[in-house]
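Structure first, then comments.
Any read-out appearing in this document is the output of simple, stated calculations on the displayed coordinates, not a laboratory observation. Predicted model, so just to flag it, every value in this text is computed and none were measured. Methodologically, a virtual Cβ is constructed for each residue, glycine included, from the backbone with ideal geometry; neighbour enumeration extends over all protein chains shown.
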Amino acid sequence: MNATTRTMLRHLTPERGFDLIRIYLGIGLTVRGVLFLMNPDWITNFMATSGQDQLAARLIALGHIAGGALLGVGLFTRFAAAIQVVPVFGALVMLHSHEGLASQNQSLEFSALVLIMLIFFACFGAGQWSLDEQRRAHRAGATRSSFSG
C-alpha cells in the first residue's frame, strides 16, 4: 500500500462519512426540488384542490433547491436541514403513509430515512467538510489575531 492510499484511508473517519451523507442528501434534495419546479403538477396532484396549490408546490420546490444546496455545501446547515423537515414530514404523512411499510417502491421508508437524517443535521450541524466549519475556523483565527495584535 503506497503512501497516498494510506493518507487517504487515514482521513476516512466516521465524521467524513457523515459529511458525505450530508453532501449526498443535499444533492438529492436539490435535484428533487428542480424536478418539482419543472413539474409542479406532480405535487399538486397529491394536495387538496385549492388556489394555493401552485404556490405551495413552487415554495416546496424552491425550499428543496435552496435548502438542499445549502445542506450540500454545509452552509447554514442546521437552518437548511430544519427548513426541510416540515415539507418532508408533510410528504411522509400526506403522501406516503397510506402506502404502508414494505410497499413496492418503498417511498415511505425512504422518506422516513430522509426525515431522520434532516433532523440529525438540524440538531448536530455540519462536519469539517463544510463552509460552516470554514467560517468557524476563520472567525476563530480573526479572534485570535485581534487578541495578539
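A compact table of results
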item	result
Ascending count of other beta-carbon atoms within 10 Å, so fewest first, for 129, 42	42, 129
Under 5 Å, built H, 5+ apart or other chain: amide partners of residue 76	132
Relative exposure of 10, 136, 32, judged by other C-beta atoms within 10 Å (fewest first)	10, 136, 32
Likely footprinting exposure, 13, 5, 77, 30, fewest C-beta neighbours within 10 Å first	5, 13, 30, 77
FRET efficiency, 1/(1 + (r/R0)^6) with R0 22 Å, evaluated for residue 110 and residue 42 via beta carbons	0.85
Spin-label pair residue 2/residue 120, simplified geometry with 7 Å Cα→Cβ offset, distance in nm	3.4 nm
